[in-house]
1. Please list, in order along region 47-58, the HN-Hα scalar couplings obtained from phi with the Karplus expression 6.51 cos²θ - 1.76 cosθ + 1.60 (θ = phi - 60°), rounded to whole Hz, x for Gly and Pro.
2. Can you tell me the dipole magnitude for the chain around its Cα centre, using point charges on the Cβ only (Lys, Arg +1; Asp, Glu -1), in Debye to the nearest 20?
3. Tell me which residues come under 5 Å, amide H to amide H, from Asp34 once H is placed; ignore anything under 5 positions away on its chain.
4. Return the single residue from Pro118, Pro28, Pro76 with maximal mean-square fluctuation; model: Gaussian network over the chain, springs between Cα atoms under 10 Å.
5. Taking neighbour counts of Cβ atoms within 10 Å as a proxy for exposure, in what order, fewest first, do Thr138, Thr112 appear?
6. Read phi for every residue in region 36-46 and hand back ³J(HN,Hα) as whole Hz from Karplus 6.51 cos²θ - 1.76 cosθ + 1.60, θ = phi - 60°, with x for Gly and Pro.
7. Given the rule -39500 (n - 2.57) for each run of at least 4 DSSP H residues, summed and divided by the residues of the chain, what is its mean residue ellipticity at 222 nm, to the nearest 500 deg cm²/dmol?
8. Here are several values of Cα extents along the principal axes in Å: (i) 44, 34, 32; (ii) 68, 46, 23; (iii) 39, 32, 25. Which one was derived from the coordinates shown?
Amino acid sequence: MKFASIARAVSFLKRNLDVPVQLPADLPRGIRLDPHHGVYLVTEGGQRAAHLTLVFGKAGSLLIQYGVAQLDGCAPEDSIPVQISGQEGRLRTDGHYLDLIWPATLEHPWGTFGLSGPFSKEKILAMARSMNPAPASTATDVGC
């Protein structure tokens, strides 16, 4: 789906999802909606979910997941536990690219929110903590 702006994409997602749709604070300068893959809406595990892809700089991207968030390629055993506003999450690092989902555990490896991109651990955790606490995902089977 294509939208003219981040604000319009967020407005669409707010109308079509059952979870809070919000942007993290302190986004990179010049961030904009990915012109090719900005918004992806789907039903996963019986729950509506969306990906919002933002781009910045020459090759930077931020993927924000709402509703059902998974680590790229699943593999929760390759992630570590982290705390986001009193909720457990899972963080996986692949070089300078990080995947973060929450609330999630090793036994329940999908969350309600997810952030992925070329950020430091401190930066991606700060971005996650700037968002309101997430309700637990009600998805039952997401294929991991």
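None of the figures in this text is laboratory data; all of them are computed from the coordinates on show. On a predicted model such as this, the values are computed, not experimentally measured, just so you know. Glycine gets a Cβ as well: all are built from the backbone with ideal geometry, and neighbour counts include every protein chain shown.
1. Taking θ as phi minus 60°, the curve returns 10, 5, 9, 8, 10, 10, 10, 10, 10, 7, x, 7 Hz for region 47-58.
2. My answer is approximately 760 debye.
3. Thr53, Leu54, Val55
4. Per the Cα network of the chain with a 10 Å cutoff, Pro28 tops the list.
5. Ordered by Cβ neighbours within 10 Å, fewest first: Thr138, Thr112.
6. 9, 9, x, 9, 10, 10, 8, 10, 10, x, x
7. On the way: 2 runs with 20 residues, N = 144.
That comes out to -4000 deg cm²/dmol.
8. Read-out from the structure maps to (iii).
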